[in-house]
Amino acid sequence: MNRAGEFIRNMTGEAAYMSFRPASLPPEPPLELDADLIRLLIDANCELARLNTAAAMIPSTDLFVSMYVRKEALMTSQIEGTQCTLDDILDPDADSNVNLDVSDVVNYINAAQFALQRLKSLPLCNRLLRETHAQLMTGVRGQEKNPGEFRRSQNWIGPAGSTLKNARYIPPNVEDMTSAMSELEKYINESQEYDPLVQAALIHYQFETIHPFLDGNGRIGRLLILLYLIQQNLLGQPVLYVSYFLKKNQIEYYDRISEVRRTGNYEQWIRFFLEALHSAATDALESIQQLSELHERNITVLPKSRRSIDHLRRLFDYLEQHPIIDIKRTASALNVSYNTIASAVLKLTSLGILHETTNAARNRVFAYREYLRQSLASSRRLRAGGLQSLSQNADLLGEFCKIRRSERSTRVIHRRLGQCLRCKHRSPGRTPADEGCGLHSSLLAPGHRRHGCLRARRPDRCHAGPLSGHLSAS
């Protein structure tokens with residue numbers, strides 16, 4: 001046993017398996033925060049303070065809160081293997097889209113908004129987490145896995161088709177899970193032993209280790225980071241976009257959490273977590289500045305209205321929440337006539353604020369192009385950073401590259417066939433991003449740790465051939 005916990009034996013005979021029993025927080029013996037870790041902690045706190053101040057002072061917080069919730073929803077869902085783009089969830093038809101990947105992201109947006117509202121009347125407790133989980137899983141993949149309830153059976157993590165015998169990690173059994181979640185709830189609301197950012201790192205690790213739900217643990221665990229920072233008054237608005245960094249460093253993210261369970265080394269995980277918070281806060285600050293400047297610049301070009309209701313300004317405000325629109329749905333949302341919105345859209349188009357994205361006489365779609373360009377800046381940096389890392393480290397090529405809308409049909413075909421997008425191996429069911437293509441073991445050799453389908457210690461089993469074959473296949 002190390003200070004993170006121990007593996008215990010469950011059942012007997014052929015059915016026996018080993019599950020992890022986590023130790024309660026805070027760690028014992030206490031954390032050793034060296035000078036480098038303290039410097040990271042100070043930097044992360046300063047950057048969060050700057051972000052919180054900037055978010056509180058700007059005149060239109062909703063300008064970027066709405067987009068940031070969407071981007072966080074997209075990235076945290078992509079970590080789990082969901083394949084859709086920001087364009088997909090901004091589509092006017094997103095709420096009625098039959099694409100399950102889009103539904104997953106839309107559900108996360110709704111769940112995040114629900115949790116933030118409930119946090120005003122409830123502490124960050126197990127009840128809130130269960131209610132949020134119910135919102136997350138209703139009507140999407142995994143809805144049969146007891147939405148809103150802690151699991152009543154053993155779960156495990158591993159490649160598609162794995163069992164308790166060959167799982168990569170087996171979370172606590174039901175009895176240990178129930179006890180661990182009760183202890184975690186107390187720690188979230190009572191402990192003040194360490195700086196809140198350190199405690200946020202410990203809480204996220206502990207939740208991911210406990211894995212209390214049958215599905216959706218990763219998304220709830222990452223949302224828990226934001227909720228805890230808001231409860232601790234470190235953030236007043238949901239403007240932090242942590243999953244951007246975690247997606248970019250996805251393999252390291254999983255490896256560092258596993259390292260805590262393996263050796264009890266919490267400090268290396270806390271170091272990584274603080275880097276994630278600092279990076280996310282810096283990115284958010286840049287976005288706030290850019291979107292605020294764009295807002296003020298476009299407000300100045302809007303003509304002044306002498307009417308009691310300025311429909312042009314109402315449409316502009318609506319665009320900052322919904323940057324891709326069609327006239328019919330927008331008229332319905334703003335409760336005005338079709339012709340009134342059509343006239344306002346025509347005016348914003350003539351001002352260069354809106355641009356038509358279709359070439360049709362009916363059902364035309366318009367985009368607030370500059371707003372989207374600024375909002376997607378983080379995603380472009382993510383893709384560029386991912387590609388640079390790939391050329392150096394053979395990083396997760398297939399996951400970090402945004403699949404263009406023109407390639408969507410190919411992507412859907414692969415998903416329906418259950419194929420790994422990198423090596424085209426056919427595997428049963430949907431494959432989470434952290435599990436590769438189901439053929440490959442999760443026991444990674446050092447030379448193959450950063451690889452699109454998580455190459456195993458037996459690299460000859462990989463259908464794509466040599467490691468370079470995966471890179472050139474891109």
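Per-structure values
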item: Counted residues, the range 149-162 - those being surrounded by fewer than 16 Cβ atoms within 10 Å (Cβ to Cβ) and either closer than 16 Å to residue 258 by Cα or at pLDDT 90 or above (or both); result: 3
item: Number of the exception - residue 42 against (1) of a type outside the set (S, T, N, Q); (2) surrounded by fewer than 18 Cβ atoms within 10 Å (Cβ to Cβ); (3) under 30 Å from residue 157 (Cβ atoms); result: (3)
item: Residues located in the range 325-341, provided they are in contact with a helix residue (DSSP H, G or I) (Cβ under 6 Å, 6 or more places away or on another chain) and exposed (fewer than 15 other Cβ atoms within 10 Å of the Cβ); result: 338
item: Filter pass, residue 300 being in the same structural domain as residue 44 (by TED's automatic domain parsing) and β-branched (Val, Ile, Thr); result: no
item: Candidate set from the range 163-191 (those that are among the small types (Gly, Ala, Ser) and surrounded by 17 or more Cβ atoms within 10 Å (Cβ to Cβ)); member that is nearest to residue 222 (Cα to Cα); result: 180
item: Single match in 312, 351 (criterion: in contact with a helix residue (DSSP H, G or I) (Cβ under 9 Å, 6 or more places away or on another chain), farther than 29 Å from residue 52 by Cα and buried (at least 18 other Cβ atoms within 10 Å of the Cβ)); result: 312
item: Filter result (touching a Lys or Arg at 6+ places or on another chain (Cβ under 9 Å) and either modelled with pLDDT of 85 or more or among the charged types (D, E, K, R) (or both)) within the range 98-111; result: 101, 104, 111
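The values are calculated or read from the model by the stated rules, or taken from the named source; none is laboratory data. All values reported here derive from a predicted model rather than from experimental measurement. Ideal geometry is used to build each Cβ from the backbone, glycine not excepted, and the neighbour counts take in all protein chains shown.
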